[in-house]
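Engineer: Once you've had a glance at the structure underneath, I'll fire off some questions.
None of the figures in this text is laboratory data; all of them are computed from the coordinates on show. Note that the structure is a prediction, hence the values are computed from the model and not measured. Positions of Cβ are backbone-derived with ideal geometry, glycine not excepted, and every protein chain shown enters the neighbour counts.
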2 protein chains.
Amino acid sequence: MSRKSKGINAERELVHLFQQNGWSSVRIAGSGSSKYPSPDVLASNALRRVAIECKTLTRTKKYFSSEDIEQLKEFSRKFGTESWIGIRFKGMPWYFLSLEDLEVTGKNMAISVVLAQRKGLKFEELIERC
Amino acid sequence: MSRKSKGINAERELVHLFQQNGWSSVRIAGSGSSKYPSPDVLASNALRRVAIECKTLTRTKKYFSSEDIEQLKEFSRKFGTESWIGIRFKGMPWYFLSLEDLEVTGKNMAISVVLAQRKGLKFEELIERC
């Protein structure tokens with residue numbers, strides 16, 4: 001399976017998770033390639049709206065450019081959504097990190113397995129959060 | 001060009017229109033086929049959030065099932081968006097109709113060219129509306 005297909009499958013899985021838990025959720029078309037900044041998944045339960053940038057990976061650390069993070073913030077500001085990074089390392093559950101919890105590494109930001117486990121919320125914790 | 005491609009092109013055109021006017025806008029992936037109800041396009045200018053079901057057609061009347069309309073309402077209720085039908089008849093500009101303005105035809109609803117011209121907002125009117 002291509003990396004793109006894996007990414008789309010992971011996004012679909014996340015959409016199903018939200019729907020199964022009574023939230024509305026959608027995938028954004030072309031979120032990785034569109035010239036307009038957009039997250040991968042949006043979800044809402046009428047009280048909260050969340051925008052999620054999804055990453056699945058086999059490595060143990062994921063880097064994000066400051067630009068990626070700024071684009072997610074800008075989208076959330078316009079749409080009135082919470083900004084989250086949803087990350088799934090191979091063989092592990094989804095972890096959701098708020099942007100303040102990312103590790104700053106020079107000009108970029110990063111999430112390691114250790115950081116995800118220490119600071120990330122599991123899916124159940126994300127949707128129960130007030 | 002297939003009907004699906006034409007639909008996607010029309011949605012992209014609408015996303016560009018919003019972006020060119022300072023709104024954030026995205027297309028929803030698989031909105032026509034997903035098992036979860038979703039509109040085709042979302043847009044926001046920080047003050048207003050709109051969910052749009054897009055239709056382009058060569059005929060002079062478009063029918064909608066009550067279920068289609070209920071799904072758009074349900075999505076908008078969850079996401080806190082305004083519900084709009086964006087319709088583009090061949091050779092005409094986009095018209096945007098609110099759900100109350102659709103013609104009720106038995107169990108279904110419909111928009112004719114005449115109704116779109118009489119009740120619909122043009123794009124500039126949609127984005128300037130308070």
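Engineer: In this structure, does A:S31 turn out to be more than 25 Å from A:L115 (Cβ to Cβ) and within 8 Å of another protein chain (Cβ to nearest Cβ)?
Structural biologist: Working: more than 25 Å from A:L115 (Cβ to Cβ): no; within 8 Å of another protein chain (Cβ to nearest Cβ): yes.
Criteria not met by A:S31.
Engineer: Can you find, within the range B:52-94, the residue that is surrounded by the most Cβ atoms within 10 Å (Cβ to Cβ) among those that are aliphatic (A, V, I, L, M) and touching a Phe, Trp or Tyr at 6+ places or on another chain (Cβ under 9 Å)?
Structural biologist: B:I52
Engineer: Are any residues in the range B:91-130 under 20 Å from B:V41 (Cα atoms) and among the basic types (K, R), and if so, which ones?
Structural biologist: Across the range B:91-130, the qualifying residues are B:K122, B:R129.
Engineer: May I pose another question? If A:G86 meets every condition in (1) free of Cβ contacts under 8 Å to residues at least 40 places away in the same chain; (2) small (G, A, S); (3) away from chain B (no Cβ under 14 Å); (4) closer than 22 Å to A:Q19 by Cβ apart from one, which number is that one?
Structural biologist: (1)
Engineer: Can you give me the ranges of the strands (runs of 3 or more DSSP E) entirely in the range B:13-130 with at least 1 residues that are touching an Asp or Glu at 6+ places or on another chain (Cβ under 7 Å)? Break it down into steps so the answer makes sense when it comes.
Structural biologist: Numbers: elements: B:24-27, B:41-44, B:49-57, B:61-65, B:82-89, B:95-98, B:103-105, B:108-112.
In the range B:13-130, the matching strands (runs of 3 or more DSSP E) lie at B:24-27, B:41-44, B:49-57, B:82-89, B:108-112.
Engineer: Moving to a separate point now. So for the range A:41-54 (the condition being at positive phi and either in contact with a Ser or Thr (Cβ under 8 Å, 6 or more places away or on another chain) or of a type in the set (K, R) (or both)), does at least one residue qualify? Steps first, answer last, please.
Structural biologist: To start, the set of residues in the range A:41-54 that are at positive phi comprises A:46.
Now restrict to residues that are either in contact with a Ser or Thr (Cβ under 8 Å, 6 or more places away or on another chain) or of a type in the set (K, R) (or both): none.
Scanning the range A:41-54, I find no residue that is at positive phi and either in contact with a Ser or Thr (Cβ under 8 Å, 6 or more places away or on another chain) or of a type in the set (K, R) (or both), so the answer is no.
Residue by residue, here is whether (1) surrounded by 19 or more Cβ atoms within 10 Å (Cβ to Cβ); (2) farther than 16 Å from A:F75 by Cβ; (3) within 8 Å of chain A (Cβ to nearest Cβ); (4) free of Cβ contacts under 8 Å to residues at least 12 places away in the same chain holds:
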residue: B:S2; (1), (2), (3), (4): no, yes, no, yes
residue: B:S5; (1), (2), (3), (4): no, yes, no, yes
residue: B:L14; (1), (2), (3), (4): yes, yes, no, no
residue: B:S25; (1), (2), (3), (4): yes, no, yes, no
residue: B:Y36; (1), (2), (3), (4): no, yes, yes, yes
residue: B:P39; (1), (2), (3), (4): yes, yes, no, no
residue: B:N45; (1), (2), (3), (4): no, no, yes, no
residue: B:V50; (1), (2), (3), (4): yes, no, no, no
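Engineer: Please count how many residues of the range B:16-41 are among the hydrophobic types (A, V, I, L, M, F, W, C) and over 14 Å from B:L126 (Cβ atoms). Break it down stepwise before answering.
Structural biologist: Filtering the range B:16-41 for residues among the hydrophobic types (A, V, I, L, M, F, W, C) gives B:17-18, B:23, B:26, B:28-29, B:41.
Next, only the ones that are over 14 Å from B:L126 (Cβ atoms) stay: B:26, B:28-29.
Result for the range B:16-41: 3.
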